[in-house]
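Input: a single structure, listed below in structure tokens.
The values are calculated or read from the model by the stated rules, or taken from the named source; none is laboratory data. This structure is a prediction, so every number in the text was calculated from the model and none was measured. Quick reminder, even Gly has a Cβ in these numbers, built from the backbone with ideal geometry, and neighbours come from all protein chains shown. For accessibility, only protein heavy atoms count, side chains too; no ligands or nucleic acids. Shrake-Rupley method; radii C 1.70, N 1.55, O 1.52, S 1.80 Å.
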Amino acid sequence: MSLLPESASFEELVQDYFLAVRGAGLMLSALDTELLTAWAREGVPFEVVARGISRSAEKALWDARPGEPVLRNLRACRRQVDAEIKKYRSLAAGAGMAAEPEAPSRRRKALSWEQTRHARLVDALQDLAGRESLLAPRVAWLRGTVLARIPEEPSALDAQESLSFLVLLRALPFPQRRQVWRDALSVGTEQQVMSVRARKLSRRFRLVAAVRRRLGVKEV
């Protein structure tokens, strides 16, 4: 997900991702920087905050006027990011801890954040297959290949989710694929000062959001 090298700081990664998804701007305001510092103190993976940013941007995407940034500032993502941090902490705390057993021989472990996200994605796609028979074979293929393994890294989860929706896009009839592309390119904005990689990430974000909207798949 990141546009920066692995040596980049948490703050650099989040700022870089936010500006790419936003599609405009070169730096954060003083208030946004203060909020970013607070998130850095939480000690959660960058991908947790990035997920909150992308979910906030996706919700605002279709209300943005032509030529306007999807998000006005980083503070607009605060509620969603804080929710993702809380969710991550809750799942991380429960991972590996034995739940109340139904019987001595049937002990279960709480799902990790990665396992929970993966399960929600699989469930969402299975529901999609039930609603759209045309996509059922492609969903079955995804479950046996792309989704066959639960990633252990948050960045791998993000890549797995994006790839799944791009694969589903290719399974749509050509007129529908063309409309999804048009929808993706008609919203948000990009500044020419953005790097090539930043523009690529911005376009991919909008495309995946357009696919999810077309398929009726909300948060997973």
* Lone qualifier among L28, L13, L19 - being more than 21 Å from V220 (Cβ to Cβ), modelled with pLDDT under 90, touching a Phe, Trp or Tyr at 6+ places or on another chain (Cβ under 7 Å) and of a type in the set (A, V, I, L, M) -> L13
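Quick one: how many residues across region 118-133 are within 14 Å of P151 (Cα to Cα) and either touching a Gly at 6+ places or on another chain (Cβ under 7 Å) or outside any helix (DSSP H, G or I) (or both)? So that I can check it myself, show each step before the final result.
Here is the first cut: in region 118-133, the residues within 14 Å of P151 (Cα to Cα) are 118-122.
Right, trim to either touching a Gly at 6+ places or on another chain (Cβ under 7 Å) or outside any helix (DSSP H, G or I) (or both) and you get none.
Selection size over region 118-133: 0.
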* Asked: What single numbered condition from (1) of a type in the set (A, V, I, L, M); (2) open to solvent by less than 50 Å² (accessible area, probe 1.4 Å); (3) at pLDDT below 95; (4) farther than 16 Å from D158 by Cα fails to hold for A57?
  -> (4)
* Any residue in region 84-99 that is at pLDDT 90 or above, crowded, with 20+ Cβ neighbours inside 10 Å, assigned to a helix (DSSP H, G or I) and touching a Gly at 6+ places or on another chain (Cβ under 6 Å)? -> yes
* Asked: Of everything in region 118-157 that's open to solvent by 60 Å² or more (accessible area, probe 1.4 Å) and of a type in the set (S, T, Y), which residue is nearest to R89 (Cα to Cα)?
  -> T145
* Structure fact -> Taking region 165-188 and the residues there that are surrounded by 16 or more Cβ atoms within 10 Å (Cβ to Cβ) and modelled with pLDDT under 85, the one that is farthest from W62 (Cα to Cα) would be G188
* **Evaluation of Q160 against (1) closer than 17 Å to A50 by Cα; (2) open to solvent by less than 20 Å² (accessible area, probe 1.4 Å); (3) touching a residue at least 60 places away in the same chain (Cβ under 8 Å); (4) not charged (D, E, K, R) (one fails), failing number** => (3)
